[in-house]
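Notes for the one structure printed next.
The values are calculated or read from the model by the stated rules, or taken from the named source; none is laboratory data. All values derive from a computational prediction rather than experimental measurement. All Cβ positions, even for glycine, are placed from backbone atoms using ideal geometry, and neighbour counts span all protein chains on display. Calculation scope for accessible area: heavy atoms of the full protein, side chains included, ligands and nucleic acids excluded. Shrake-Rupley method; radii C 1.70, N 1.55, O 1.52, S 1.80 Å.
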Amino acid sequence: MSVTILKRNKALTVNPLKVSQPVGATLAFLGINKAMPLMHGSQGCTAFAKVMFVRHFREPIPLQTTAMDQISTVMGADDSIVEALTTIFSKNKPRLIGLMTTGLSEIQGADIRRAVKMFRDAQPEFAACHVVPVDTPDYVGGLESGFSLAVRAVIETVVPQTQRAGMRQRQVNVLAGAHLTPGDVEALKELLEDFELRPVILPDIADSLDGHLTPNDFTPHTVGGTPLSDIELMGESAATLVFGAALNAAADVLAERTGVPDYRFDHLLGLDAVDSFVHTLSRIAQRPVPGRINRQRAQLQDALVDTHFMLGMRRVAIAAEPDQLLALSELAQGVGMEVVAAVAPSRGPALERLALAEVKIGDLEDLEQMARAGHAELLLGNSHCGQAAARLQIPLLRIGFPLYDLVGGYQRTAIGYRGTRALLFDLANLMLEHGHHAIEPYRSVYKVGD
C-alpha cells in the first residue's frame with residue numbers, strides 16, 4: 001500500500017507543529033564538543049530558539065547571533081559575520097562554530113561562505129579552528145531537515161578524504177538522527193559497547209545534553225559531545241550505522257569521502273527493527289549476542305503479551321517529524337493499534353515508507369480535526385499537543401521536541417528492547433489511567449441511597 005501525502009491547503013498555520021531548520025541545525029552542533037552555534041539573523045530568531053532549548057533541556061544553552069538590524073539587513077551583513085566569528089573565537093575559544101542562516105538572512109541573499117572566506121583572510125590566527133556554514137532557511141523544511149543539513153556540513157568540513165577504511169576494526173561510526181533523545185543515544189552506546197565496539201557518534205547529544213553538572217560554574221561553549229579528533233578519524237572506522245532516513249544524504253557524503261561501508265536503519269523501535277540491528281552488530285563485531293541482550297528481548301516479548309489487552313484495537317493519532325512518525329506508527333501497528341491520524345510538519349523521505357492510507361503535512365489544527373473524525377483514543381506528540389488532547393478529552397503521550405511541561409522528558413529512552421518495552425508500558429498505563437478496559441463496579445439492585 002502506498003501512502004498518500006496530503007499537502008498543505010491552508011493560507012495560514014494554526015497551532016503550529018513545525019520547529020524551524022535553524023533550531024534543528026543548532027541541536028546538531030550542540031552535540032559536538034567545544035562548539036558554538038551561531039545564527040546569522042536577528043536577535044529575535046536566536047532568542048526564540050534558545051528559549052525552546054532551555055525549556056526542553058532545563059540547561060543553559062550556548063547560542064550566539066550576528067544580530068542583524070534594519071541597516072545591516074538592507075546594506076549587507078557580511079561584516080557582522082566576520083566580527084561575530086572574530087569575537088567568539090577570541091573570547092569564548094570554541095574549537096568549532098556552526099554558522100547557520102535564518103529566514104531573514106536567506107531573504108536578504110546572504111552568502112555565508114564568502115563571509116567565512118573574508119574572515120579567513122582577515123584573521124589567519126584562527127586557521128586551526130573550524131567554521132561550518134550551513135544554509136537553513138526557516139521557511140522550508142523543519143527540525144529534522146535542519147539537523148541533517150548540519151550533520152552533512154560537519155562531515156564535509158571536518159572529515160578528510162581518505163582511503164583508510166577499516167584501519168580501526170573495533171571503531172564504528174554512528175550517525176544519530178534528530179528523533180533520538182540523549183537517553184536514546186546513551187542506550188545506543190551501551191548496545192555497541194556490549195559487542196566490544198567503540199562508537200563514534202555524530203552528534204553525541206548524550207554526552208553534552210544529558211543534564212550533568214560540571215566542575216566549572218560556567219563554560220561559554222558546549223561541554224561534552226563528539227570530540228573533533230574523533231570526527232577527523234571517522235574515515236578509519238570499520239562501519240557506519242545510520243539511524244533515520246533523513247540522514248541518508250549525510251551518509252552518502254561520508255561514504256564517498258571515506259569508503260567506510262554503512263548500514264542504514266529507519267529506527268530502533270519494535271521487535272523486528274531491533275532484531276535487525278542486533279543481528280547487524282553481531283556480524284560487524286564478529287561476536288555472539290550477549291546474554292544480557294537476549295534477556296532484554298525476552299522481556300520485550302513478555303511486555304507485548306501483557307500490553308496487548310490495553311493497546312490492541314485502540315485508535316491513535318500521531319504528530320511528529322517524519323523519522324519519528326515512521327517509528328511510532330510502525331510500533332503502533334505492530335501491537336494492533338489503528339493509526340487514524342498522522343501529521344508531519346514537513347516532508348521527509350521517511351513519509352514515503354509509512355504503511356498508512358494518508359499522512360498530512362500540516363499543523364496541530366489538522367491533527368485535531370483528523371483525530372476527532374477518526375475517533376482517536378490516544379494522542380502522541382510534543383507538548384504543543386496538550387491543548388488539542390484536552391479538547392478531544394483523550395490522553396496524550398508527550399514525545400518529540402519540545403517537551404516543556406515534562407521534567408526529564410529529554411532523557412526518556414524509546415529505542416532498543418528496553419526502550420520499546422518502557423514505551424509500551426507508558427502507552428498501556430495511559431489507557432488504564434483514563435479508564436479504558438476498566439470494569440464497572442457492580443451495584444446491587446437492592447442497594448438504597450449512596
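Below is a table of values for the structure above.
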read-out: Odd one out for Ile88, checked against (1) in contact with a Leu (Cβ under 8 Å, 6 or more places away or on another chain); (2) open to solvent by 20 Å² or more (accessible area, probe 1.4 Å); value: (2)
read-out: Options Gly183, Gly224; residue that is small (Gly, Ala, Ser) and modelled with pLDDT under 95; value: Gly224
read-out: Matching residues in segment 116-136 - criterion: being of a type outside the set (A, V, I, L, M, F, W, C) and open to solvent by 10 Å² or more (accessible area, probe 1.4 Å); value: Lys117, Arg120, Asp121, Gln123, Pro124, Glu125, His130, Pro133, Asp135
read-out: Answer from Gln301, Gln286, Gln296 - the residue that is farther than 21 Å from Val3 by Cα and crowded, with 17+ Cβ neighbours inside 10 Å; value: Gln296
read-out: Residue list for segment 304-331, restricted to those being open to solvent by 50 Å² or more (accessible area, probe 1.4 Å), modelled with pLDDT under 95 and not in a helix (DSSP H, G or I); value: Met313
read-out: Pairs, first farther than 13 Å from Arg418 by Cβ in segment 268-279, second among the basic types (Lys, Arg), C-beta under 9 Å, six or more apart; value: Asp275/Arg297
read-out: Single unsatisfied condition, Ser282 versus (1) touching a residue at least 24 places away in the same chain (Cβ under 8 Å); (2) touching a helix residue (DSSP H, G or I) at 6+ places or on another chain (Cβ under 7 Å); (3) closer than 23 Å to Ala165 by Cα; value: (2)
read-out: Of all residues in segment 36-52 being surrounded by fewer than 23 Cβ atoms within 10 Å (Cβ to Cβ) and not basic (Lys, Arg), the one that is nearest to Tyr410 (Cα to Cα); value: Met52
read-out: Subset of segment 186-200 [of a type in the set (Val, Ile, Thr) and touching a residue at least 40 places away in the same chain (Cβ under 8 Å)]; value: none
read-out: Selection from segment 238-258 of residues that are free of Cβ contacts under 8 Å to residues at least 40 places away in the same chain and closer than 20 Å to Glu144 by Cα; value: Asp252
read-out: Test: residue in segment 303-325 that is more than 25 Å from the chain's Cα centre (by Cα) and free of Cβ contacts under 8 Å to residues at least 12 places away in the same chain; value: yes
read-out: Identity of the residue in segment 20-35, part of a loop (DSSP other than H, G, I, E, B) and on the phi < 0 side of the Ramachandran plot, that ends up surrounded by the fewest Cβ atoms within 10 Å (Cβ to Cβ); value: Asn33
read-out: Strands (runs of 3 or more DSSP E) (entirely within segment 332-421) containing at least 1 residues that are open to solvent by 20 Å² or more (accessible area, probe 1.4 Å) and under 25 Å from Leu188 (Cβ atoms); value: 396-398
read-out: Cβ pairs under 6 Å, 6+ apart, first in segment 152-179 and more than 27 Å from Gly419 (Cβ to Cβ), second basic (Lys, Arg) and at pLDDT 95 or above; value: Val159/Arg257; Gln161/Arg257
read-out: Condition check for Glu196: within 15 Å of the chain's Cα centre (by Cα), under 30 Å from Pro290 (Cα atoms) and modelled with pLDDT of 95 or more; value: no
read-out: Those residues of segment 234-266 which are on the phi > 0 side of the Ramachandran plot and buried (at least 23 other Cβ atoms within 10 Å of the Cβ), in sequence order; value: Gly244
read-out: Any hit, segment 207-227, residues being under 20 Å from Arg418 (Cα atoms), in a loop (DSSP other than H, G, I, E, B) and touching a residue at least 24 places away in the same chain (Cβ under 8 Å); value: yes
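For (1) over 24 Å from the mean Cα position of the chain (by Cα); (2) modelled with pLDDT under 95, each residue gets a yes or a no:
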site: Leu213; (1), (2): no, yes
site: Thr219; (1), (2): yes, yes
site: Pro261; (1), (2): no, no
site: Asp272; (1), (2): no, no
site: Ser276; (1), (2): no, no
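Conditions (1) among the basic types (Lys, Arg); (2) open to solvent by 30 Å² or more (accessible area, probe 1.4 Å); (3) in contact with a helix residue (DSSP H, G or I) (Cβ under 8 Å, 6 or more places away or on another chain), marked per residue:
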{"site": "Thr73", "(1), (2), (3)": "no, yes, yes"}
{"site": "Arg95", "(1), (2), (3)": "yes, yes, yes"}
{"site": "Leu99", "(1), (2), (3)": "no, no, yes"}
{"site": "Leu104", "(1), (2), (3)": "no, yes, yes"}
{"site": "Gln108", "(1), (2), (3)": "no, yes, yes"}
{"site": "Arg114", "(1), (2), (3)": "yes, yes, yes"}
{"site": "Val140", "(1), (2), (3)": "no, yes, yes"}
{"site": "Phe147", "(1), (2), (3)": "no, no, yes"}
{"site": "Arg152", "(1), (2), (3)": "yes, yes, yes"}
